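The values are calculated or read from the model by the stated rules, or taken from the named source; none is laboratory data. Since this is a predicted model, take the numbers as computed values, not measurements. Here the Cβ is made from the backbone with ideal geometry for all residues, glycine too, and neighbour counts use every protein chain on show.
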Amino acid sequence: MRLRRVLAVIGVVVLLLCTVCAGAGVWLWNSQVISTADEVDFTRPLAVPPLAPSRMESGRRVFDLKAQAGTHDFGHGQTPTWGFNGDVLGPTLRAARGEQVQVNVTNALDQTTTVHWHGMHLPAAADGGPHQLVGPGKAWSPTWKVDQPAATLWYHPHLHGETAKHVYRGLAGLFLVDDPATSVDALPHEYGVDDVPLIVQDRKFDSGGKLDDSPGFMSGVGVLGDTVAVNGTVGPYLDVTTERVRLRLLNGSNARVYDFGFADDRRFALVGTDGGLLSSAYDTDRIMLSPGERAEIVVTMKPGERAVLRSYPQDLGTGPFGRFTGGADTLDVLQLRAAGTLAPRPAVPSKLVEVPRLARADAVQQRPFRLSGHSINSKQMEMTRIDFAPERDSVEIWKVVNNDGEPHSLHVHDVQFQVLTRDGAPPPPQLSGWKDTIYLPGDVDFELIMRFSDFADPNTPYMFHCHVLFHEDAGMMGQFVVVPPGGKPGVVDHSSHLAHGGPH
Ligand code: C2O
Ligand code: CU
């Protein structure tokens, strides 16, 4: 009798506990979804990063960039930030193919940083990766000849173990490459008028209005914010005065993957990706961008109308827990406000530029890359380890796969690559052009083809890594050097750099 009563009590307690647990589980499951659809008041005019002034000095186009601390209004009072030549983000650098550029980087922060030119083909010593440290109060003046198709590139710090923090605080900007041979006059091209850059970054704030970079519950990818800033503007609108507007989208976020579209599901033309224009415009209603990726789209507007750029829920290809890494979120990004009369702009031509294809037959090397946990091929970043050494001017095929249930991507320095195959098939249109960063859904095989032209330096490595910055900082990165034909990798000299005051 007594035993039965005890058992009954235990049963009830267990049942209660289960109910509480299930309730907590359901709550947790649902709490991992953010939606700001139709909830953002677009009351602030979109800031457009100014074009950086430059001057010609002995045949070089010279820019100045100063990393500095400041404060910025994200709608939470004055938030402490970092920026280049200002409080947050940086000016847009712009140079033409064939020009020799020099960027005088000075560091007015109280800690070491670096500035990496993401997507740029350039000598390793000018790349601004974790070996080109710029200590507090120090300067660094890399110079190189711009030689690649017209494209939307960007720059950001790359200090090993600290990239996430530096980018999150606001250090990032665009670098536009101009090249008449690989651009199309019929596309909108008046900077800030009908050709507008959008640096999209999610942010989170603590109760004091400071930037909060703590990772979300079970996120595994680092910080995911509930507030979207575009060029630093929260709740932005853009006054559109032309029938067509070109938006240069950069996912400048640490971890969030966006699936951009419009709230009314209107179609738009995808005309360019990371490394330049596509061979033909792709008519679509969505474009997915993982951290570091870019897309150029052309949107058609009617007089007087409004359109909201939105990021939609998406399949991250990482299984049922995608919601813990932002896959179920809906975020309103930017409102386009068309004027009552719009200046005419030509239709987007269907044929854009020649994109010469790299051929499988030209590849002299194949390399496997398995991304899992915080490792690539089971190895973590080490500043003095060179993982491999392609020969200058050689073509290689990289076979890449995300082997776990987390979102990962692969970014390769120095080159723009092409996707040969995705899951054994030719790439979809949005992956058919020049790329330097690619999102890797779980267990999908990619073959990437690339040529390591022009620059060899056996002692100075380029990086390859996951561009989810929390993963990169945690060691999901490796190093390669490009050697002259027949050459051998040298020794990475990091000691002299440490003299500048390296990362702890
Ligand atoms: Cu955008 Cu290695 O970085
Ligand atoms: Cu990753």
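Here segment 383-406 is the region considered, the condition is being away from ligand 1 (no atom under 16 Å from the Cβ) and within 29 Å of THR325 (Cα to Cα), and the residue that is modelled with the lowest pLDDT is GLY405.
Residue-by-condition table, conditions (1) of a type in the set (A, V, I, L, M); (2) surrounded by fewer than 21 Cβ atoms within 10 Å (Cβ to Cβ):
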{"residue": "ASP64", "(1), (2)": "no, yes"}
{"residue": "HIS72", "(1), (2)": "no, no"}
{"residue": "HIS76", "(1), (2)": "no, yes"}
{"residue": "THR79", "(1), (2)": "no, no"}
{"residue": "VAL88", "(1), (2)": "yes, no"}
{"residue": "VAL101", "(1), (2)": "yes, no"}
{"residue": "VAL105", "(1), (2)": "yes, no"}
{"residue": "ASP110", "(1), (2)": "no, yes"}
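Here the strands (runs of 3 or more DSSP E) wholly within segment 190-270 that include at least 2 residues being surrounded by fewer than 21 Cβ atoms within 10 Å (Cβ to Cβ) and not small (Gly, Ala, Ser) are 236-242, 258-262.
Within segment 366-396, which residues are in contact with a strand residue (DSSP E or B) (Cβ under 7 Å, 6 or more places away or on another chain) and either near ligand 2 (Cβ under 10 Å from one of its atoms) or closer than 20 Å to GLY442 by Cα (or both)? If the condition is that a residue be in contact with a strand residue (DSSP E or B) (Cβ under 7 Å, 6 or more places away or on another chain) and either near ligand 2 (Cβ under 10 Å from one of its atoms) or closer than 20 Å to GLY442 by Cα (or both), then ARG367, PRO368, PHE369, ARG370, LEU371, ILE376, ASN377, LYS379 are the ones that fit. Any chance segment 112-133 includes a residue that's closer than 15 Å to GLY170 by Cβ and in contact (Cβ under 8 Å) with a residue 24 or more places away in the chain? Checked segment 112-133: at least one residue is closer than 15 Å to GLY170 by Cβ and in contact (Cβ under 8 Å) with a residue 24 or more places away in the chain. Could you list, in sequence order, all residues of segment 209-245 that are farther than 18 Å from PRO45 by Cα, touching a residue at least 60 places away in the same chain (Cβ under 8 Å) and of a type in the set (Gly, Ala, Ser)? Hits for segment 209-245 are GLY209, GLY216, SER219, GLY220, GLY222.
With respect to HIS158, is the statement that it is at pLDDT 95 or above, closer than 14 Å to GLY170 by Cα, crowded, with 23+ Cβ neighbours inside 10 Å and not aromatic (Phe, Trp, Tyr) true? Here the answer is yes, as HIS158 does meet what is asked.
Taking segment 139-191 as the search range and keeping residues that are small (Gly, Ala, Ser) and under 21 Å from the mean Cα position of the chain (by Cα), which one is nearest to ligand 2 (Cβ to nearest atom)? Looking at the filtered set, the residue picked out is ALA164. Selection of strands (runs of 3 or more DSSP E) fully inside segment 434-504 by the criterion of at least 3 residues being away from ligand 2 (no atom under 16 Å from the Cβ) and at pLDDT 95 or above returns 446-451.
Counting just the residues of segment 386-425 that are of a type in the set (S, T, N, Q) and assigned to a strand (DSSP E or B), which one comes out nearest to ASN254 (Cα to Cα)? Out of the qualifying residues, it is SER409.
Where residues in segment 246-301 are without any contact (Cβ under 8 Å) to a residue 40 or more places away in the chain and not hydrophobic (A, V, I, L, M, F, W, C), which of them is farthest from TRP117 (Cα to Cα)? Taking the candidates together, the pick is ASP265. State whether one or more residues within segment 412-427 are within 16 Å of ligand 2 (Cβ to nearest atom) and closer than 24 Å to PRO320 by Cα. No, because not a single residue in segment 412-427 is within 16 Å of ligand 2 (Cβ to nearest atom) and closer than 24 Å to PRO320 by Cα. Scanning segment 424-454 for residues that are touching a strand residue (DSSP E or B) at 6+ places or on another chain (Cβ under 8 Å), of a type in the set (D, E, K, R) and surrounded by fewer than 23 Cβ atoms within 10 Å (Cβ to Cβ) returns ASP443, ASP445, GLU447, ARG451. Exactly one residue among VAL105, VAL146 is more than 14 Å from ligand 1 (Cβ to nearest atom), within 21 Å of TRP434 (Cα to Cα) and without any contact (Cβ under 8 Å) to a residue 60 or more places away in the chain, and that residue is VAL146. Counting the residues of segment 408-447 that are more than 16 Å from ligand 1 (Cβ to nearest atom) and over 19 Å from ILE287 (Cβ atoms) gives 9.
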